[in-house]
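Reading through the structure tokens given below for one structure.
The values are calculated or read from the model by the stated rules, or taken from the named source; none is laboratory data. Just so you know, these numbers come straight off a predicted model, no measurement behind them. With ideal geometry, Cβ positions are generated from the backbone for all residues, glycine too; neighbour counts draw on all protein chains shown.
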Amino acid sequence: MSDPAIVKHSVELSENNLPVAESCLRNQQAIYEVLSQELADDAVVLELGSGTGQHAAFMTPRLPRLRWQPSELAENIPAINAWREHIGRENFLPPLILDIAQDLWPVKQVDAVFSANLVHFVGWDKVRAMMAGIGRVLKPAGRAIFYGPYNYHGEFTSEGNRQLDEWLKSRDPSSGIKDFEQIQMTARKEKLRLLKDIAMPANNRILILQKYV
Ligand SMILES: C[S@@+](CC[C@H](N)C(=O)[O-])C[C@H]1O[C@@H](n2cnc3c(N)ncnc32)[C@H](O)[C@@H]1O
């Protein structure tokens with residue numbers, strides 16, 4: 001696969017049969033550096049759209065007091081379980097089946113919510129449902145942290161992001177890179193306000209939102 005946008009989202013099997021998304025290998029250290037600063041060391045973190053489970057696998061040994069709760073659509077749960085078994089850490093909690101569009105999420109209150117490369121992968125209807133779900137499960141002053149590419153004032157921030165958007169829309173026309181300004185407006189309706197917008201490698205960002213107290 002030579003198209004960089006597709007490579008960004010491809011998953012291969014490793015030598016020991018674990019699913020590996022190349023994008024995770026590239027972004028996990030940079031994401032760890034932010035999370036280790038922004039989360040209380042004993043936080044309970046709900047991850048949405050965990051994909052292969054590599055972020056849980058990378059973070060849980062490095063943030064040993066954190067409790068990381070992965071979640072995904074049912075079909076991706078086996079991949080996360082494979083990583084969980086491989087890592088063998090108690091703070092890597094068993095993955096939950098969670099569709100962000102569901103009205104009821106199978107979690108109690110959490111200190112933080114994290115997702116990587118989920119917002120652009122789905123349509124606005126799901127992003128709105130996700131914000132509403134986060135509004136329900138996040139404790140007051142809790143943080144929602146979104147890693148991925150965003151547009152500013154309707155403009156792509158790189159040619160790679162424009163290509164990624166084209167590829168996303170070719171598989172699901174409702175998906176695509178979202179506007180930073182619209183994300184903030186949607187979040188505000190759920191009592192989440194922007195705390196930080198952090199530049200990350202390869203024209204990605206980390207948006208940190210905080211629930212009103
Ligand atoms: C681009 S992948 C990112 C996966 C992972 N977070 C990562 O960084 O590698 C987007 C993920 O969102 C998940 N997803 C799509 N729709 C979803 C939904 N409605 N609820 C929860 N997860 C969803 C997909 O199954 C997929 O694993």
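Taking residue 65 and the conditions (1) out of contact with any Pro (no Cβ under 9 Å at 6 or more places or on another chain); (2) surrounded by 13 or more Cβ atoms within 10 Å (Cβ to Cβ), which numbered condition does it fall short on, given that it satisfies the others?
Just one mismatch for residue 65, condition (2).
Yes or no: residue 163 surrounded by fewer than 21 Cβ atoms within 10 Å (Cβ to Cβ) and more than 16 Å from the ligand (Cβ to nearest atom)? Working first, answer last.
Working: surrounded by fewer than 21 Cβ atoms within 10 Å (Cβ to Cβ): yes; more than 16 Å from the ligand (Cβ to nearest atom): no.
So residue 163 fails the test.
Is it the case, given these coordinates, that residue 147 is out of contact with any Lys or Arg (no Cβ under 8 Å at 6 or more places or on another chain) and in contact (Cβ under 8 Å) with a residue 24 or more places away in the chain?
Details: out of contact with any Lys or Arg (no Cβ under 8 Å at 6 or more places or on another chain): no; in contact (Cβ under 8 Å) with a residue 24 or more places away in the chain: yes.
Considered against the rule, which asks whether it is out of contact with any Lys or Arg (no Cβ under 8 Å at 6 or more places or on another chain) and in contact (Cβ under 8 Å) with a residue 24 or more places away in the chain, residue 147 comes out as no.
Would you pick out the residues in region 137-160 that are surrounded by fewer than 20 Cβ atoms within 10 Å (Cβ to Cβ), part of a strand (DSSP E or B) and not hydrophobic (A, V, I, L, M, F, W, C)? Before the answer, list the steps.
Going through region 137-160, the residues surrounded by fewer than 20 Cβ atoms within 10 Å (Cβ to Cβ) turn out to be 137, 139-141, 152-160.
Remaining after also requiring part of a strand (DSSP E or B): 139-141, 152, 155.
139, 140, 152, 155 - these are the residues of region 137-160 that are surrounded by fewer than 20 Cβ atoms within 10 Å (Cβ to Cβ), part of a strand (DSSP E or B) and not hydrophobic (A, V, I, L, M, F, W, C).
For the subset of region 104-136 comprising residues that are among the β-branched types (Val, Ile, Thr), outside any helix (DSSP H, G or I) and in contact with a strand residue (DSSP E or B) (Cβ under 7 Å, 6 or more places away or on another chain), which member is farthest from the ligand (Cβ to nearest atom)? Steps first, please.
Step one: filter region 104-136 for residues among the β-branched types (Val, Ile, Thr), giving 107, 110, 113, 119, 122, 127, 134.
Keeping just the survivors that are outside any helix (DSSP H, G or I) gives 107, 110, 113, 122.
So of that shortlist, the ones also in contact with a strand residue (DSSP E or B) (Cβ under 7 Å, 6 or more places away or on another chain) come out as 107, 110, 113.
Numbers: 107: 13, 110: 16, 113: 12 Å.
Ranking the qualifying residues of region 104-136, first place goes to 110.
Within region 47-56, identify whether any single residue is of a type in the set (Gly, Ala, Ser) and touching a Gly at 6+ places or on another chain (Cβ under 9 Å), and answer yes or no. First the steps, then the outcome.
In the first step, residues of region 47-56 are kept if they are of a type in the set (Gly, Ala, Ser); the result is 49-51, 53, 56.
Among the residues that remain, those that are also touching a Gly at 6+ places or on another chain (Cβ under 9 Å) are: none.
No, region 47-56 has no match at all.
Of all residues in region 11-57, which are within 14 Å of the chain's Cα centre (by Cα) and either outside any helix (DSSP H, G or I) or aromatic (Phe, Trp, Tyr) (or both)?
Correct list: 21, 32, 45, 46, 47, 48, 49, 50, 51, 52, 53.
Tell me, which residue of region 187-213 that is touching a residue at least 60 places away in the same chain (Cβ under 8 Å) and polar (S, T, N, Q) is nearest to residue 147 (Cα to Cα)?
The extreme case among them is 204.
Restricting to region 15-59, what's the tally of residues that are closer than 16 Å to residue 85 by Cα and surrounded by 13 or more Cβ atoms within 10 Å (Cβ to Cβ)? Please lay out each step first, then the result.
Here is the first cut: in region 15-59, the residues closer than 16 Å to residue 85 by Cα are 15-20, 50-59.
Narrowing the set further to residues that are surrounded by 13 or more Cβ atoms within 10 Å (Cβ to Cβ) leaves 18-20, 50-59.
Going through region 15-59 one residue at a time, the tally reaches 13.
Could we say that residue 178 is within 15 Å of the chain's Cα centre (by Cα) and either aliphatic (A, V, I, L, M) or within 16 Å of the ligand (Cβ to nearest atom) (or both) here? Even if it seems obvious, please write down each step before you answer.
Details: within 15 Å of the chain's Cα centre (by Cα): yes; either aliphatic (A, V, I, L, M) or within 16 Å of the ligand (Cβ to nearest atom) (or both): yes.
Yes; evaluated as a whole, the condition is true for this residue.
Looking at residue 137, is it over 22 Å from residue 27 (Cα atoms) and either of a type in the set (Val, Ile, Thr) or at pLDDT below 95 (or both)?
On the way: over 22 Å from residue 27 (Cα atoms): yes; either of a type in the set (Val, Ile, Thr) or at pLDDT below 95 (or both): yes.
It is true that residue 137 is over 22 Å from residue 27 (Cα atoms) and either of a type in the set (Val, Ile, Thr) or at pLDDT below 95 (or both).
Out of region 42-81, which residues are in contact with a Lys or Arg (Cβ under 6 Å, 6 or more places away or on another chain) and of a type in the set (Val, Ile, Thr)?
44, 60
Only residues that are outside any strand (DSSP E or B) and either crowded, with 17+ Cβ neighbours inside 10 Å or of a type in the set (Phe, Trp, Tyr) (or both): list them for region 68-81, please.
70, 76, 77, 79, 80
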